[in-house]
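For reference, the structure is listed below as C-alpha cells.
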Amino acid sequence: MNDRQTGYVTEDGRQIGDVMLDLRDITLRFGGVEAIKNISFDIREGEIRAIIGPNGAGKSSMLNVISGFYVPQDGSVWFHGKKRAPLKPYQVARQGIARTFQNIALFEGMTVLDNIMTGRLNYTKSGMIAQAIWKGKAEREETENREKVERVIDFLEIQAIRKTPVGRLPYGLKKRVELARALAAEPKLLLLDEPMAGMNVEEKEDMSRFILDVNDEFGTTIALIEHDMGVVMDLSDRVVVMDYGKKIGDGTPDEVRNNQAVIDAYLGVAHDE
Amino acid sequence: MSADFLYGIEVVINGLMAGVMYALVALGFVLIFKASGIFNFAQGVMALFAALTLVGIMEGQVPFAHLINATFGTEIHHFGWHVPALLAIFLTVGVMVVFAWAVQRFLFRHLVGQEPIILFMATIGLAYFLEGVGDLMWGSDIKTLALGLPQGGARWLEDATAGLGGEDFYGFFIDKLDIVATGVAIVLVAGLIAFSQYTKHGRAMRAVADDHQAALSVGISLNFIWILVWSLAGFVALVAGIMWGAKSGVQFSLSLIALKALPVLMLGGFTSIPGAIVGGLIIGVGEKLFEFLIGPMVGGATENWFAYVLALLFLVFRPQGLFGEKIIERV
Amino acid sequence: MLYREAGDYKTSYPADSQTFPIAFDRYRYWVVLAVAFLVIPFFVNDYIVNALLLPFLIYSIAAIGLNILTGYAGQVSLGTGGFMAVGAYACYKLMTAFPDVNILIHVVLAGGVTAAVGTAFGLPSLRIKGFYLAVATLAAQFFLVWLFNKVAWFYNYSASGQISAPERTVLGIAVTGPNTPAWASYLVCLVFVTICALIARNLTRGAMGRQWMAIRDMDIAAEIIGVNPLKAKLTAFAVSSFFVGVSGALFFAVYLGAVEVGEAFGINKSFLVLFMIIIGGLGSIFGAFAGAAFLVTLPVFLKLIGVDLLGWPTDLVAHLQLVVVGLLIMFFLVKEPHGLAHLWRLAKEKLRLWPFPH
C-alpha cells in the first residue's frame, strides 16, 4: 500500500491525492540513544494517517521531527515534492503544518479566545506601529482573524467558554481548545499527538467526530498518534506501526491488524493488559 | 623577569584570592538551589545580616535600640557586656537557623510548586526585608569586625619574593586575610562535601536535590531538608560575611559585592559546587586582570561590571554553564 | 447608573475587543481623563506635583514598559535603572546638541535610542532564560551606569560629572529648567503617560501581545505554533525599553532637572520598578499604574506617620520602609500573584453581579 505511486479512493469514497509529506530514512539520536531508527513513510493529501506503537516507540519524536522541533541526524523530509531544508519550528508552522501536544500545551495565562487567536498569528501582516495605533489595516486584520476564529469556535462548539481563562477549564475542554488553536491556523497538515488520551468514551466520540469533520469539511490532511486501537482502526486510512524506534508495519488498518510482526510486538501486548 | 610581568602575576594571585571570596558566597546559592530550585537572591544580604548580627552580639548591642529609643524616648544602646567571639559565632548561627526556619515556615511553604521566576522575585523581596531588619536591629553605620583575624600584607612573602624582579619590583603583596580566607574556604568546602557524602542528612539532602517526589516517597521530610539547607546557607553566609566584613568593614556594600556571586554561578552552573569554585576563580582573576590591563585605558572601576558582562557573553555561547549538562527540551 | 453589562450587546468583533467593554468603564475612563487634564492642573502646588504626581506619572511609564517585558513577555529584567539612564543621557545629549528642536521630540527620540540599546541587550534572551536572563540584565545595569559615569562625552565634560537640563519651552512655557511651573511639568508627563498607556494597551490586546504572552506561558509551544521567538522577544525588549527610556528622559529633564547617574539610576531603581509591577499586577496596564501609585505614596505615607506624627528620625523610617516593601513583595507573591490589578478585577466582577451573585 505504501508503495503506491498515485492517489487512491478510500472505502468511504474519499479521493486521496499525491504525497504531501514524505519522510525518508529518518534517524534521530539523543546522545547514545536512537529514538528513531531509519524510518520512512509518507502522508498523502486528504488522508488520515495514524502512527501507533507502544510507549517509548518514538512516535512523539516523529511528530517533533515533522514540526522541526527535533532535527534528525540522518534522513530528509520532503514536503509537497520538495526537500525541506532544516527549518525552525515556527517556519514549519508557516508552511501550513499545525499540531496539538501530548501534554496539553495551551497558554495558561490567556483566555480561550486569545489562545485560539494565537493560531492566527501567521496571518497577521500589519506592523508594530500599525498595531500600536490600532487603526486601518491592524484593526481590519484583527476583525478578519476574529471571524475565522469564531467559525472554529462554532465548529468545535465551545462558544460558551470563549472568555474563560484556559487554566480554569477541565481536561477534555482543554484538548478541544488546543485543537481549535491548531485549526485556526487553517493548516494543510494537522498533527495530533494523542488527541484522546485520558478522555472518557463520550469525549472520545466527540473528538473522533471532530477529527472526521475537519478532514471532511476542510480537506485537512491529518496525522495522529493514538493508543485506542478501536479509534485508530475506525478513523484512519493508513497506519504506521513503530516499536523501539523502528517501523514494523505500514498499511491499511486491516493489513496492519493481520501483520504478524505488529501482533507480536504491539497488539499481543495490548491483549495481555 | 620584568617587574610588569611579576606585577601581572601578583594581580592574578590577588584575583584568585578574591575569587575564593566570591566562591564562598556562591556556595550558599548552590546549596539552596540544588535542594529546592530556589535561586536565592538574598544570599548576599544574608551574609551582611549574619555579619551585622555577629558584631552586634559581640559588642553587646541592644537589638532594635533605635526603634525602642524612638518609640519610648529611652536612651539605650548597649547591654554593657562583651561576648567572646566563639560564643558569639554560635549565637549567630542560632539566629541564622531561626531565620531559615522562618523563611521556610512563612514564605516558601506557601510558594511550593510556583514557577522558579516567582520564587526568585520572592527572594528579592526577602533581601529587602532582611536588609531593613538588619538595619533596624543593629543600625546602619559601618562596623568593624574585630575577630583578631590577621590583617595587612604578608611581609614574609613580600621579602621572600622581592629578589625575583629587578629594582622596580618589591615582592608580591598579598593580604594575610586573603590567605586565611582561602584556608577557611577549603575547610568549608571539604566539610560540606563530607557532610553531604557521609552523613544521613547529607544523603537525604542529595536525594531531595535529585527528585523531590522520590525523596518524599522514601520518607524524607522535605520541610526539614529545606530548613537544613537554608541553615547551612546561613552558616556559609556567616563565614563569607566574616571574611568580607573583616576585609572592608561590615556595611551595605557587602551585599552588593555578594551579588558578584551571581555571575560566578552563571559561569559555573547553579548546581555544581566545583563549578562555583572554578567560576569564582575565573571571575576573580578575570576582573583583576582586566582592570590591570584594560582598566587604565577606559577610566578604571571596570570591576563593577566586568563579571556580569563576562558571564553574559559566556552564557550566550554555552547556556548551561561550564559544568551544567546539555539541556534537552521536550514537549 | 449601575455597573452592568446586561443590555450592552456587542454587535461587532471590534466592539467586543475594545479596551473597556463595559459602558460604565468607558464613561469612567473619559471622566478620569477629563479630570486629569482639565481640573487637576488648576489645583496643584509644587509639593503635590513633585512629591506625588510627577513620580507617579513617570514611574507609571517605566512600570508599563517593564510590565510589557516581564508581565506580558515573561522576561525578567533587572536592568530598568540602566535603561532609564540611557533615556536620560540620550535626552540630555539631544537637548544640548539640538537646542532648537522641541523637547517633546527629544524625549521621544530618547525613547528610540533606549529601544535600540535595550534590543541589543535583549539579544542574549534567545539563549538565556528565566533568572539566568535576569542576572544577565544586571550586566546592562552595571555596565551602563559605569559608562555614563566614566565617559565624559556623555555629560559634556562637566566638572561635576552631573547632567542638568537647560530650560526648554513648549508653546512658550518652560517645561524643563528651574522656571518651570508645576502644572506645566505635570501636563507634559500626563500627555506622555496617556499616549504610552494607549499604545501599550493596543499592542497588548492585539497580535503582538498574544505573541508575547504565548512566549511567556510556554515558549516551546509558542514556537511550534508559529511564533518567531527571536522576533517576539526582541520586540518586547524594544517596546519595553522605549517606554523605560521615555520615563528616564522625563525623570531627568522634567522631574529632577539634574542627575548623577549612580544615584538616580542605580540598581535600586531597577528593583523599585520591578516591585511596582509585582505589587500592581504582572501583565496588566492598570497594574502598572496601581503599583506605581502604591510605591510612590508608601514612602510619603510612612514619612508622614513616622517622622511627622511619631517624631522618629528619618533613617529609621527609611529602614522600616525596606522592611515594609520587602514584606509586601513576599505577601503579594504568596497571596495575590496577580497583584492589585487582580483585586480590582475581582471587585468589579462582584460589582457586576451585585446584588444577585448567582
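The values are calculated or read from the model by the stated rules, or taken from the named source; none is laboratory data. Keep in mind the model is a prediction, meaning the values are calculated, not measured. So basically every Cβ, Gly included, is an ideal-geometry build from the backbone, and we count neighbours across all protein chains shown.
Filter segment A:72-92 down to the residues that are in a strand (DSSP E or B) and in contact with a Lys or Arg (Cβ under 7 Å, 6 or more places away or on another chain) and list them by number. The answer is A:GLY75, A:SER76, A:VAL77, A:TRP78. Looking only at residues of segment A:105-145 that are within 21 Å of A:ALA93 (Cβ to Cβ) and of a type in the set (Lys, Arg), we find that the one that is nearest to the other protein chains (Cβ to nearest Cβ) is A:ARG120.
Among residues of segment B:302-331 being assigned to a loop (DSSP other than H, G, I, E, B), at the interface with chain C (Cβ under 7 Å from one of its Cβ atoms) and closer than 19 Å to C:ALA136 by Cα, the one that is modelled with the lowest pLDDT is B:PRO319.
Between C:ALA222, C:ALA152, which is within 14 Å of another protein chain (Cβ to nearest Cβ) and under 30 Å from A:THR100 (Cα atoms)? Give the derivation first.
Values: C:ALA152 fails: under 30 Å from A:THR100 (Cα atoms).
Checking each option against the conditions leaves just C:ALA222.
Find the residue count for segment A:74-94, including only residues that are in contact (Cβ under 8 Å) with a residue 60 or more places away in the chain and within 14 Å of chain C (Cβ to nearest Cβ). If you could, list the steps in order and put the result at the bottom.
Looking only at segment A:74-94, we keep the residues that are in contact (Cβ under 8 Å) with a residue 60 or more places away in the chain, and these are A:80-81, A:93.
Those left that are additionally within 14 Å of chain C (Cβ to nearest Cβ): A:93.
Counting residues in segment A:74-94 that are in contact (Cβ under 8 Å) with a residue 60 or more places away in the chain and within 14 Å of chain C (Cβ to nearest Cβ) gives 1.
Select, from B:LEU67, B:LEU107, the only residue that is within 13 Å of another protein chain (Cβ to nearest Cβ) and under 17 Å from B:ASP141 (Cβ atoms).
Details: B:LEU107 fails: under 17 Å from B:ASP141 (Cβ atoms).
Unique residue meeting the criteria: B:LEU67.
The numbered conditions (1) more than 21 Å from A:SER60 (Cβ to Cβ); (2) surrounded by fewer than 20 Cβ atoms within 10 Å (Cβ to Cβ) are all true for A:GLU142 except (2). Would you say A:PHE69 is hydrophobic (A, V, I, L, M, F, W, C), farther than 28 Å from C:HIS338 by Cβ, surrounded by fewer than 22 Cβ atoms within 10 Å (Cβ to Cβ) and in contact (Cβ under 8 Å) with a residue 24 or more places away in the chain? Taking the combined requirement at face value, the residue does not satisfy it. Got a sec? Which of C:PRO178, C:PRO166 is touching a helix residue (DSSP H, G or I) at 6+ places or on another chain (Cβ under 8 Å), more than 30 Å from A:THR111 (Cα to Cα) and either more than 14 Å from chain B (Cβ to nearest Cβ) or in a helix (DSSP H, G or I) (or both)? After ruling out the rest, the residue left standing is C:PRO166. With respect to the stated conditions, A:ARG151 is surrounded by fewer than 21 Cβ atoms within 10 Å (Cβ to Cβ) and of a type in the set (Lys, Arg). Among residues of segment A:1-60 being loosely packed, with under 14 Cβ neighbours inside 10 Å and small (Gly, Ala, Ser), the one that is nearest to A:HIS80 (Cα to Cα) is A:GLY13.
Looking at segment B:276-300, which of its residues are at pLDDT below 85, of a type in the set (Gly, Ala, Ser) and surrounded by fewer than 23 Cβ atoms within 10 Å (Cβ to Cβ)? Once the filter is applied, which keeps residues that are at pLDDT below 85, of a type in the set (Gly, Ala, Ser) and surrounded by fewer than 23 Cβ atoms within 10 Å (Cβ to Cβ), segment B:276-300 yields B:GLY295, B:GLY299, B:GLY300. When you scan segment B:148-168, do you find a residue that is modelled with pLDDT of 85 or more, surrounded by 14 or more Cβ atoms within 10 Å (Cβ to Cβ) and assigned to a helix (DSSP H, G or I), even just one? No, every residue in segment B:148-168 fails to be modelled with pLDDT of 85 or more, surrounded by 14 or more Cβ atoms within 10 Å (Cβ to Cβ) and assigned to a helix (DSSP H, G or I).
For segment C:324-347, which residues satisfy the criterion of being of a type in the set (A, V, I, L, M), under 23 Å from the mean Cα position of the chain (by Cα) and either within 18 Å of C:ALA63 (Cα to Cα) or within 12 Å of chain B (Cβ to nearest Cβ) (or both)? Break it down into steps so the answer makes sense when it comes.
Step one: of segment C:324-347, the residues of a type in the set (A, V, I, L, M) are C:324-325, C:327-330, C:333-334, C:340-341, C:343, C:346-347.
Of the ones still in play, those that are also under 23 Å from the mean Cα position of the chain (by Cα) are C:324-325, C:327-330, C:333, C:340-341, C:343.
Matches in segment C:324-347: C:VAL324, C:VAL325, C:LEU327, C:LEU328, C:ILE329, C:MET330, C:LEU333, C:LEU340, C:ALA341.
Within segment C:152-184, being under 25 Å from B:GLY300 (Cβ atoms) and among the hydrophobic types (A, V, I, L, M, F, W, C) holds for C:ALA152, C:TRP153, C:PHE154, C:ALA159, C:ILE163. Elements of the type helices (runs of 4 or more DSSP H) sitting completely within segment C:193-283 and holding at least 3 residues that are free of Cβ contacts under 8 Å to residues at least 24 places away in the same chain: these cover C:207-217, C:219-224. Looking at the structure I just gave you, is C:ALA207 closer than 30 Å to A:GLY127 by Cα, in contact with a Ser or Thr (Cβ under 8 Å, 6 or more places away or on another chain) and of a type outside the set (D, E, K, R)? In short, yes. Filtering B:ALA246, B:ALA185, B:ALA207 for residues that are surrounded by fewer than 21 Cβ atoms within 10 Å (Cβ to Cβ), in a helix (DSSP H, G or I) and of a type in the set (Gly, Ala, Ser) leaves a single hit, B:ALA207.
Residues that are farther than 30 Å from C:GLY130 by Cα, among the acidic types (Asp, Glu) and within 14 Å of chain C (Cβ to nearest Cβ) within segment B:112-162 comprise B:ASP135, B:ASP141, listed in sequence order.
Looking at B:THR123, B:THR71, B:THR53, which is the one that is touching a residue at least 12 places away in the same chain (Cβ under 8 Å), part of a helix (DSSP H, G or I) and out of contact with any helix residue (DSSP H, G or I) (no Cβ under 7 Å at 6 or more places or on another chain)? Break it down into steps so the answer makes sense when it comes.
Numbers: B:THR71 fails: touching a residue at least 12 places away in the same chain (Cβ under 8 Å); B:THR53 fails: out of contact with any helix residue (DSSP H, G or I) (no Cβ under 7 Å at 6 or more places or on another chain).
Being touching a residue at least 12 places away in the same chain (Cβ under 8 Å), part of a helix (DSSP H, G or I) and out of contact with any helix residue (DSSP H, G or I) (no Cβ under 7 Å at 6 or more places or on another chain) holds for just one of B:THR123, B:THR71, B:THR53, which is B:THR123.
Output yes when any residue across segment B:88-96 is within 12 Å of chain C (Cβ to nearest Cβ), closer than 21 Å to C:LEU327 by Cα, surrounded by 13 or more Cβ atoms within 10 Å (Cβ to Cβ) and not small (Gly, Ala, Ser), and no when none is. Scanning segment B:88-96, I find no residue that is within 12 Å of chain C (Cβ to nearest Cβ), closer than 21 Å to C:LEU327 by Cα, surrounded by 13 or more Cβ atoms within 10 Å (Cβ to Cβ) and not small (Gly, Ala, Ser), so the answer is no. Listed by position, the helices (runs of 4 or more DSSP H) enclosed by segment C:1-109 that each have at least 3 residues that are surrounded by fewer than 14 Cβ atoms within 10 Å (Cβ to Cβ) and among the aliphatic types (A, V, I, L, M) are C:23-34.
Among residues of segment C:148-160 that are at negative phi and without any contact (Cβ under 8 Å) to a residue 60 or more places away in the chain, those with a beta-carbon under 9 Å from a residue that is surrounded by 16 or more Cβ atoms within 10 Å (Cβ to Cβ) and β-branched (Val, Ile, Thr) at least six positions away or on a different chain give the pairs C:LYS150/B:THR302. From the list B:ILE294, B:ILE273, the lone residue that is closer than 26 Å to B:LYS34 by Cβ and hydrophobic (A, V, I, L, M, F, W, C) is B:ILE273.
Residues are listed down the side, and each one gets a yes or a no for (1) β-branched (Val, Ile, Thr); (2) within 21 Å of the chain's Cα centre (by Cα):
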{"site": "A:ILE97", "(1), (2)": "yes, yes"}
{"site": "A:PHE107", "(1), (2)": "no, yes"}
{"site": "A:MET110", "(1), (2)": "no, no"}
{"site": "A:MET117", "(1), (2)": "no, yes"}
{"site": "A:ASN122", "(1), (2)": "no, yes"}
{"site": "A:MET128", "(1), (2)": "no, no"}
{"site": "A:GLY136", "(1), (2)": "no, no"}
{"site": "A:GLU139", "(1), (2)": "no, no"}
{"site": "A:GLU144", "(1), (2)": "no, no"}
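Within segment B:4-31, the set of residues being touching a helix residue (DSSP H, G or I) at 6+ places or on another chain (Cβ under 9 Å) and modelled with pLDDT under 80 comprises B:LEU6, B:TYR7. Cβ-Cβ distances below 7 Å connect the following pairs, each with a first residue in segment A:240-255 that is in the same structural domain as A:ILE48 (by TED's automatic domain parsing), a second residue that is among the aromatic types (Phe, Trp, Tyr), and a separation of six or more residues or different chains: A:VAL240/A:PHE41; A:VAL241/A:TYR266; A:ASP243/A:TYR266; A:LYS247/A:PHE41; A:ASP250/A:PHE41. Annotation: B:PHE39 fulfils all but one of (1) more than 21 Å from B:VAL180 (Cβ to Cβ); (2) assigned to a helix (DSSP H, G or I); (3) not β-branched (Val, Ile, Thr); the unmet one is (2).
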